[in-house]
1. Using a Förster distance of 30 angstrom, determine the FRET efficiency expected from the C-beta separation of ALA129 and PHE79, and round it to 0.05.
2. Given the whole protein assembly as supplied and a 1.4 Å probe, what does the accessible area of MET35 come to in Å², nearest 10?
3. If I take R0 = 25 Å and measure r between the Cβ atoms of LEU121 and ILE86 in this structure, what FRET efficiency does the formula 1/(1 + (r/R0)^6) give, to the nearest 0.05?
4. What distance in nm separates the two pseudo spin-label positions at SER141 and ALA21, each 7 Å out from Cα along the beta-carbon direction?
5. Taking a probe of 1.4 angstrom, what is the accessible area of THR169 in Å², to the nearest 10?
Amino acid sequence: MATCNVVDCVSDEEGMNSVVAKALLTNLLIAALKMVAGLLGGSPAMLAEAAHSVVDSLTEVILLGGSWHARRWASARYFWGLVASINMFAIGGLYAVWEGYSAVTDPSQEVSAMWFSLAVLAGSAVLEATSWVRAVRVLASERSGRSWYQLLRTTRDTETKAVIVEDSTD
């Protein structure tokens, strides 16, 4: 099992930050596309999807901040991974509940341009897949014969692991 001390982990920051930064840019692009589709089509579901992508982007910002803190305090990476997880579930879940409630209480909203929304969702899936593949490739380089389950449980690269989990759930 390969381990890294604080110096090695800090030298690997560029690879981790690269995965997280690319995931951030991907999620921002997806959020913008979904927002446009939601506004043009009048779809509350697409607006909720856009908000979900914004929350995913905030998660990546938190992870980038955590990797910056980890340069001084090695265990800070785990704390910020926890904060990013709470962000994903709390803010994303609350917004989805609110958007669902407003769609049920005001069903008069007419949805148009459904084809555009479907095209944006398909494009978003492709973009998320590219982000996921980048993160998997980074973790695969440290696999060293371990199963994926063991790797995900033991890796110190919490940022890349968070990107994999976040992209897997989208």
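The values are calculated or read from the model by the stated rules, or taken from the named source; none is laboratory data. Just so it is clear, the model here is predicted, and its values are computed rather than measured. Here the Cβ positions follow ideal geometry from the backbone for every residue, glycine too, while neighbour counts run over all protein chains shown. Ligands, DNA and RNA are stripped out before the accessible areas are found, and what is left, the full protein with its side chains, is counted by its heavy atoms. Shrake-Rupley method; radii C 1.70, N 1.55, O 1.52, S 1.80 Å.
1. Once rounded, the FRET efficiency stands at 0.55.
2. Accessible surface of MET35 is approximately 80 Å².
3. Efficiency computed from Cβ-Cβ geometry: 0.40.
4. So the label points at SER141 and ALA21 sit 1.4 nm apart.
5. Rounded to the nearest 10, that gives 100 Å².
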